[in-house]
Each structure stands twice: as structure tokens, then as C-alpha cells.
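Read the structure below first, then the notes.
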Amino acid sequence: MRTISPAATWAGHADATDKVWLVLLEINASGLSTPIRVVNDNVDVVHQGWTFIGYSFEVDLPPESQDRPMIARIRIDNTERLIVDEVRTIAEPPSVTLRVVLADQPDVIEVEYAGMRLRNVTWDAGEISGDLVYEDILSEPVCEQMTPARFPGAF
């Protein structure tokens, strides 16, 4: 079960609320001079000292299920072409962090998805879209034998 702040719990259970949920998107890659930080709002938001620029995008958050893969889908507005120019310079899949916060307490992270990779990126004149996935660490090779060369501190 996920733990969230009392204000977020109250807003989630209320029939109507004036609380505004925001998604902070941070894209980081070796080809970028600084990470891309945007928020799905009309105004900029300062979160823990970093400014997230108000920008139009939508995120389908990953499911909270053991039976389904943790894949999110993102669609970013491309009418100003600010982000697509940066994405074109990236050679490897960038690292993406999503944080969900309340607008009146932006430094309190309600939900965070860190370490995702942006894959299957497509764009046209209107939008950039892609999948946010976690790396498949379960298919990584596993060391089956403890030897002095692999584990010198154990011998």
C-alpha cells in the first residue's frame, strides 16, 4: 500500500476538492546540458529548489499490479518544438523520473516513479509520444559461482 500525505488522502477521498494534482517530469540524458524539467500546468513550479517549466503533457501512469508490466505512456505537446529539438540530440534512451505532487505543497512527493527509460519515441507536428519503462533486470546474467576472483572479500 502506498503512503501519501494527509492532505492528499483527504483530497483523494473528498467528493469535491480544490486541491490540484501535478505531475513533474524530469528527463535526463548524457547528451543534454541540463535535465528537461516540466510540469503539467500553465505556470512554473519550484520543487525542492528546481524550477519545472509549465508545459502541456499527459501521462498514463504505470499500473500498480504485479501481473502487468510497469509501462507508462507519455504524450508531450510539440507545437513549440522545444523538447523535440532536445530529444533529437540524445543517442541513448534517457532516464525519466515522474513525481506526483499537490500544487499547494509541491515539495512533498506523493508518488514517484524514478529510473524509467523513455523508449519507442515518435513525434509529429502536434505531439511527442513514447513509452516509459523500467529496465528488465530479471533477464540480466546472474553469477552462479562464488570464486575468489569474483568475490575476493568472501575468501
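Some observations on this one:
- Taking residues in the range 135-155 that are at pLDDT below 65, and partners anywhere that are in a loop (DSSP other than H, G, I, E, B), the pairs with Cβ atoms closer than 7 Å and at least 6 places apart or on different chains are CYS143/ARG150.
- Any hit, the range 61-82, residues being touching a helix residue (DSSP H, G or I) at 6+ places or on another chain (Cβ under 8 Å), surrounded by fewer than 14 Cβ atoms within 10 Å (Cβ to Cβ) and assigned to a strand (DSSP E or B): no
- Among residues that are among the hydrophobic types (A, V, I, L, M, F, W, C) and not in a loop (DSSP other than H, G, I, E, B), ILE90 is not included.
- Top-ranked residue in the range 3-40 [being touching a helix residue (DSSP H, G or I) at 6+ places or on another chain (Cβ under 7 Å) and in a loop (DSSP other than H, G, I, E, B); ranked as nearest to ALA91 (Cα to Cα)]: LEU32
- Candidates VAL121, VAL96, VAL100, VAL43: the one that is open to solvent by 70 Å² or more (accessible area, probe 1.4 Å) and either at pLDDT 80 or above or assigned to a helix (DSSP H, G or I) (or both) is VAL43.
The values are calculated or read from the model by the stated rules, or taken from the named source; none is laboratory data. Since the structure is predicted, the reported quantities are computational estimates derived from the model, not experimental observations. Every residue, glycine as well, gets a Cβ built from its backbone with ideal geometry; the counts of neighbours run over all protein chains shown. Only protein heavy atoms, including side chains, enter the accessible area calculation; ligands, DNA and RNA are left aside. Shrake-Rupley method; radii C 1.70, N 1.55, O 1.52, S 1.80 Å.
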